[in-house]
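Asks: Pasting a structure here, questions to come.
The values are calculated or read from the model by the stated rules, or taken from the named source; none is laboratory data. These numbers come from a predicted model, not from an experiment. Cβ atoms come from the backbone with ideal geometry, glycine included; neighbour counts cover every protein chain shown. In case anyone asks, the SASA skips ligands and DNA or RNA and just uses the protein heavy atoms, side chains included. Shrake-Rupley method; radii C 1.70, N 1.55, O 1.52, S 1.80 Å.
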Amino acid sequence: MSSNIVWLDFNEAPAHPAEDSTARRERLRRALLANLEAALRHLLPHGQVRHGVFRIGDCRGAPGDSLTVTLRGERAGLWQDFATGEGGDVFDLWAMANGLDAKRGFSAVLDSVEAWLGLPATSSLRSALLLPDDLGPPTGKW
């Protein structure tokens, strides 16, 4: 009787390639845009949707409608606050609404988006893959 067992040796498997920051940003941007209205309601729960545009007073959630976010089309995720002249993309708004700095700490913004989307934090995964734990010198031999 012949056996059809196939043994797989994962000891020689190549390491998981680390995702570069541009690919990570684009992957998260697509995920945010796919869930844009839910993301905006999470960030700014008092906002209203009218005619395909999300409206709120400012990026801190004040009442009003001077800040608008386009929900559909090529400009989806772009926002403009007509009272202050500020504007940007969905990551800028995410950072401002969460008190983060998108210019100096963009990886923290991406980590926050990943956490909200329920995705594993790739920055911690990347560091775990690149920097193995130092277990110290061997304490014995078998």
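Asks: List pairs: first in the stretch 84-102 and without any contact (Cβ under 8 Å) to a residue 24 or more places away in the chain and within 18 Å of R55 (Cα to Cα), second open to solvent by 20 Å² or more (accessible area, probe 1.4 Å) and among the polar types (S, T, N, Q), Cβ under 6 Å, 6+ apart or cross-chain?
Replies: G87/Q80
Asks: Inside the stretch 46-76, can you point out the residues that are surrounded by fewer than 16 Cβ atoms within 10 Å (Cβ to Cβ), of a type in the set (A, V, I, L, M, F, W, C) and not in a loop (DSSP other than H, G, I, E, B)?
Replies: Correct list: V49, V53.
Asks: Within the stretch 37-45, does at least one residue satisfy the condition of being farther than 21 Å from G118 by Cα, more than 14 Å from the chain's Cα centre (by Cα) and assigned to a loop (DSSP other than H, G, I, E, B)?
Replies: no
Asks: Identify the residue in the stretch 101-142 that is within 15 Å of A39 (Cβ to Cβ) and open to solvent by 60 Å² or more (accessible area, probe 1.4 Å) and, among all such residues, is modelled with the lowest pLDDT.
Replies: L119
Asks: Residue under question is L93, and the condition is that it be in a helix (DSSP H, G or I) and in contact with a strand residue (DSSP E or B) (Cβ under 9 Å, 6 or more places away or on another chain); does it hold? Break it down into steps so the answer makes sense when it comes.
Replies: On the way: in a helix (DSSP H, G or I): yes; in contact with a strand residue (DSSP E or B) (Cβ under 9 Å, 6 or more places away or on another chain): yes.
For L93, the condition - in a helix (DSSP H, G or I) and in contact with a strand residue (DSSP E or B) (Cβ under 9 Å, 6 or more places away or on another chain) - is met.
Asks: Sticking with this structure for a sec: With R30, R25 as the choices, which residue is under 18 Å from W116 (Cα atoms), surrounded by 12 or more Cβ atoms within 10 Å (Cβ to Cβ) and of a type in the set (D, E, K, R)?
Replies: Step by step, each of R30, R25 is checked, and only R25 is under 18 Å from W116 (Cα atoms), surrounded by 12 or more Cβ atoms within 10 Å (Cβ to Cβ) and of a type in the set (D, E, K, R).
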